[in-house]
Amino acid sequence: MNSSPEQHVIAAEYTLGLLSSADTQAFEQKMLTDPDAKAAYIYWAEHFANLSDQWDESIPPERIKKQLENYLKSQSNVTPLTKLDQKEKYRSPLWAMAAALVLAVGIWFAIPAQFEANYQTHLVSKTTDLVVDVFVDVDDKQLRIEPLQGSASLEGDYELWVAIGDGAPMSLGVLDINNVQEISLDVSWLAGLSNAHMAISLEPKGGSPTGQPTGPVLAVADTVAL
C-alpha cells in the first residue's frame, strides 16, 4: 500500500464518520479511481473493527453519557446529544469529538509503513492475457502482487512461484487475479533475489497438490533490482 500519511488521515476520518458531507463525497469519488485511497480505507475499516473485537459488547450506563455530555458542554459550545437517527448520531459534535480524540492519540502510530520495493518481476503470459507485476520490499520483508491484466481461469487457479538460481520452485501462493495482494515473508531466500526468477502456472483449484508446479507454466521472468 503506497498511500501517503495525509491520505491515511483522511481515510481514518472517513471511516469514523468525521468528514463533512462534501469531503465524504469527494473521498468516495477518489476511491473509485485511486486504488491507494481504497486500500487506505480498507486498512482503517479493518483496524477499527479489530479494536472493537477486543472487548465484549456492552451498553454503558445512561449516567456515563450524561456526565460526558455535561463535561463537554462545560468545555465548549457542544450541543448535547439528542434522539437523532443512527446515522446522524455518529455525525454529532459529541461523537465527532470522541472519535477525533481516538485519532489524535493513535493514528500516527497505526499508519502502516510505506512499501518500498527493492525488486520487481514483470510477468507476461504468451498464451493468455495475464499480466502481473510482483514487487518485493526486502527491508520490511513484504511481497506485493499487482494483477495488471487478465481474468480468472475456469480450469483452475493461477499459482505464483519463485526460484533462486537453479533451485527448485517455491510457491508464493494462489493469485487473486482481481485484487492487489500484500504478503509478509519471513524467509531466508530474500537474500538471493538478485539471482532469482518467478513464474505463474495453472494449477488445480486451491493450488498445486504437490508443492511443485504440476500444470502448464504461463509466464516466467527474471527478478530485477530497482
### Query
Which strands (runs of 3 or more DSSP E) sit wholly inside segment 107-226 and have at least 3 residues that are more than 26 Å from Lys38 (Cα to Cα) and in contact (Cβ under 8 Å) with a residue 24 or more places away in the chain?
157-164, 196-203, 217-222
### Task
Would you be able to say whether some residue in segment 167-180 is more than 15 Å from Val131 (Cα to Cα), loosely packed, with under 13 Cβ neighbours inside 10 Å and not aromatic (Phe, Trp, Tyr)?
yes
### Query
In segment 182-200, what residues are within 18 Å of Leu148 (Cβ to Cβ) and buried (at least 17 other Cβ atoms within 10 Å of the Cβ)?
Met198, Ala199, Ile200
### Task
Return yes when Leu81 is surrounded by 14 or more Cβ atoms within 10 Å (Cβ to Cβ) and modelled with pLDDT under 70 and no when it is not.
yes
### Summary
Note on Gly215: of the conditions (1) at pLDDT 95 or above; (2) in contact with an Asp or Glu (Cβ under 6 Å, 6 or more places away or on another chain), unmet is (1)
### Query
Which of the following residues is within 15 Å of Asn118 (Cα to Cα) and either outside the structural domain of Asp34 (by TED's automatic domain parsing) or modelled with pLDDT of 90 or more (or both): Val220, Val136, Val187?
Val136
### Message
So the check is Cβ under 6 Å with 6+ separation or different chains; which pairs have a first residue in segment 12-33 that's modelled with pLDDT under 85 and a second one that's among the hydroxyl-bearing types (Ser, Thr, Tyr) and surrounded by 14 or more Cβ atoms within 10 Å (Cβ to Cβ)?
### Response
Gly17/Tyr90
### Task
Can you confirm whether segment 182-190 contains a residue that is at positive phi and under 23 Å from the mean Cα position of the chain (by Cα)?
no
### Task
Please enumerate the residues belonging to segment 5-24 that are assigned to a loop (DSSP other than H, G, I, E, B) and either of a type outside the set (A, V, I, L, M, F, W, C) or under 15 Å from the mean Cα position of the chain (by Cα) (or both).
Gly17, Ser20
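The values are calculated or read from the model by the stated rules, or taken from the named source; none is laboratory data. All of these numbers come straight from a predicted model, not from anything done at the bench. With ideal geometry, Cβ positions are generated from the backbone for all residues, glycine too; neighbour counts draw on all protein chains shown.
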